[in-house]
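Values in this text are rule-based calculations from the coordinates and carry no lab data. Small disclaimer: the values here were computed from a predicted structure and weren't measured. Virtual Cβ from ideal backbone geometry, glycine too; neighbours counted across all protein chains shown.
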Amino acid sequence: MLPWIRDLFSLLDSDICWMRYFGQEENKTENKAPSAGMFHKKFLYINQHTGCWNIKDRAHDQPKSSFRGKRKSDNLPNEYEPHQKRQKKQIIEEKTDVSNKTKLVLYINQHTGSWNIKKRAHDQPKSSFRGKRKPDNLHNENEPHQKRQKKQIIEEKTDVSNTNKLPPKHLGIAHLLEVYETRELLGKGGFGSVYAGVRKADGLPVAIKYISKRKAPEKLEIPGHGFLPTEVALMSIVNKEPYCLNILRILEWYEQPKCYYIVLERPEPCENLHQFCSRYGSCLPETVARLVMVQLIDALKHCKSRGILHRDVKPENIMVQTNTLKVKLIDFGCGDLIKDKYKEFTGTPSYAPPEWFKKKKYLAEPATVWSVGVTLYRLVCGSLPFNTRKDVKHGHVRFSRRHSEECMHLIRWCLCTKPAGRPSLEQIEHHPWFHFRGSALQTTG
């Protein structure tokens, strides 16, 4: 590397080369920190045909003309350039073909010493999409990945532009029959049935849920939107932006005098977690169970942040996309808004916490954590941890097969009979079992 190059250039980033600023003081070159008031950025220009080089300011760093808006003619002399140099430059340009005027810049990495000669950014061929503004959501390829990732996280946390937008409501089913094609029955629940469907316009797979008003008469009030069916209201709240990828999304809903129809997304191929476990022989390996549980915890944390209590966490209400192992929490029909305490239980009795059987009341998060413990036990053991209500009250957990110490500790912690002795969702997320033997927990969004 030439000895004078290190004094000429300084690289602040491995991808973007900034030139060092120069000032003359007592005939010595002084390096100065960049500031808005400094113009003089020096570039090394090399003629790729002749090999001649020259150091000078960039054209757009020169002081602007007072005739702003008018283009300066190319044949006018530069008043900042010495007369002899200007005259010599004109002679050279007359003898040089226009195609030989390509300006090259030497970029040097001061850390590695590597160098490269390439065209300036504004000398590159312009895009054919001239005049069109680049969308804000496109990534800048020159931006470091970590900075770009941090920027995405900040945008996700602050994007609340559509928080007041609810899924569309329609009266009658004429629009439903026109837009969607109803297919086979997927399953039945306590409040209604779920059918497979397809949107006719683009073939999007959907699930169409039928809910009887007689079986589900409860409604919740949403400020600014009045009273809505409980499941519609809760899913509308939990689906506001920013979305959680581990919660099933509601697309729109329909109301009739005696029932509701809710149109939901339907990933393909997918099945509920109970069906998925049956294909593995009733229980899952810990590595697979860990991948499922980390997504379930993310979904429940999102519900908690929105003030929603699901109240029916179990494998039948967890959908698994079989080709990617992505998980989605479904069925908010038993849910409610988070309160100080609850004196009624809606959900599956096998997943009810012991305090409900003892005192007929329970708290939101401890009850959720109890159902998480029962679900995890069922995933790795293939059965429920307790057979009777008496067993639930006593809370003695037995394991029928060998499991890791971390897994058994987490299950016993979640199934502590005292609500205050159970972990929070955040504590579960940081439990050693989720980081056991460096297992990969990341899923694609």
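First measure r as the distance between the Cβ atoms of TYR243 and LYS200, then evaluate 1/(1 + (r/R0)^6) with R0 = 22 Å and state the FRET efficiency to the nearest 0.05.
Working: r = 25 Å, r/R0 = 1.13.
Efficiency for this residue pair is about 0.30.
No solvent, one uniform scatterer per C-alpha: report log10 I(q)/I(0) for the range 162-266 via the Debye equation at q = 0.10, 0.13, 0.17, 0.21 1/Å, two decimals. Calculated log10 I(q)/I(0) at the listed q: -0.27, -0.46, -0.81, -1.24. Within the range 268-294, name every residue whose backbone N is under 14 Å away from a label modeled 7 Å from Cα of THR324 along the Cβ vector. Only 268-271 pass the distance filter. In this label model, THR182 and ALA420 are separated by 5.3 nm, measuring between points 7 Å along each Cα→Cβ vector. Each of GLY347, CYS283, HIS310 was placed along the dipole of the range 269-445 (beta-carbon charges, centred on the mean Cα), and the one lying farthest toward the positive end is GLY347.
Peptides 228-236, 259-267, 341-349 ordered by packing proxy, namely the average of other Cβ atoms within 10 Å per residue, highest first: 228-236, 259-267, 341-349. The charge dipole of the range 269-445, taken about its Cα centre with unit charges on the Cβ atoms of Lys, Arg (+1), Asp and Glu (-1) only, comes to about 580 debye.
Could you sort out which of LYS215/LYS240; LYS258/LYS418; LYS209/LYS343; LYS209/LYS301; LYS304/LYS343; LYS341/LYS390 sit more than 31 Å apart by Cα distance in this structure?
Details: LYS215/LYS240 27 Å; LYS258/LYS418 43 Å; LYS209/LYS343 28 Å; LYS209/LYS301 25 Å; LYS304/LYS343 19 Å; LYS341/LYS390 23 Å.
Cα-Cα > 31 Å for LYS258/LYS418; rest within.
Spin-label pair SER212-SER193: with each label point 7 Å from Cα along the Cα-Cβ axis, the two points sit 1.2 nm from one another.
Most tightly packed first, judged by the mean number of other beta-carbon atoms within 10 Å of their residues, the peptides 204-211, 283-290 read 204-211, 283-290.
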